1. Can you tell me how region 6-57 classifies by the Cα gyration tensor, rounded, prolate or oblate, using a/c under 1.5 as the rounded cut?
2. Which one of His158, His16, His173 has the biggest mean-square fluctuation once the chain is modelled by GNM with Cα springs under 10 Å?
3. Run the helix sum for the chain: -39,500 (n - 2.57) per DSSP H stretch of 4+ residues, divided by residue count, reported at 222 nm to the nearest 500 deg cm²/dmol.
4. In sequence order, what are the phi-derived ³J(HN,Hα) couplings for region 147-152 according to the Karplus relation 6.51 cos²θ - 1.76 cosθ + 1.60 with θ = phi - 60°, rounded to whole Hz, with x for glycine and proline?
5. Using only the alpha carbons, work out the radius of gyration and Dmax of region 3-195 in angstrom.
6. Taking the chain as a Gaussian network, Cα atoms linked when under 10 Å apart, which of Gly129, Gly47, Gly165 shows the biggest mean-square fluctuation?
Amino acid sequence: APRIGVLALQGDVLEHLRALRRCGAEAVEVRTAEQLAAVDGLVLPGGESTTIGKLLERFGLMPLLRERIVDGLPVFGTCAGMILLSDELDQDRAQPLVGGLAVRTRRNAYGRQVDSFDTALEVTGVEGGPLDVSFIRAPRVEAVLGTDVEVLAEVDGHAVVVRQGRLLAAAFHPEVTGDDRLHAAFVDTVRQVRRAP
Ligand code: GLN
């Protein structure tokens, strides 16, 4: 089985491990460079992107993670993880980003009234009807900056699922509803990369 890490510095780690295991992956927590070096794919979970970014720097994981992404490591970022993967943020205050995904993202893009909501979302490439997902103080993509970025789902005209090569990002939490189809798609990508690196 492909060995897929979940970055376990802060955030919604356990639910991702479970979803990945239900999809047939060997799922492991990643907190150290040794662990990061040993995975075939990585999930950046939801949580607080400022905290996760600072901890990535403090634990010295940022250079290795960026290097592995450049080398083609499949990464699935959800919510805070999507923020961290973004090349740019739509805010004045700087925060540490991993980058690699050519989009500009806005944090907490849904106002107070709709702070958090569950919805069923059509996602390109996901068969079997709309995906059940949960938006929790979610970001959204404000602008696609690269020609190789595919928009796979939108809410109100804004991209909420994007793919760029081996990078997949979703603005919501796909791991809390039990609808594992996006995790399954990511596990498939990791399997393919393992076969033909
Ligand atoms: N609002 C959080 C942030 O800006 C993300 C929320 C989440 O991951 N559920 O990092």
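Every number in this text was worked out from the coordinates using simple rules, so none of it is lab data. Remember, it's a predicted structure, so these values are computed and weren't measured experimentally.
1. oblate
2. Highest fluctuation among the options: His158.
3. Using -39500 (n - 2.57) per qualifying helix, the result is -8000 deg cm²/dmol.
4. Residue by residue, region 147-152 yields 6, 9, 8, 9, 8, 9 Hz.
5. 15.0, 46
6. Gly129
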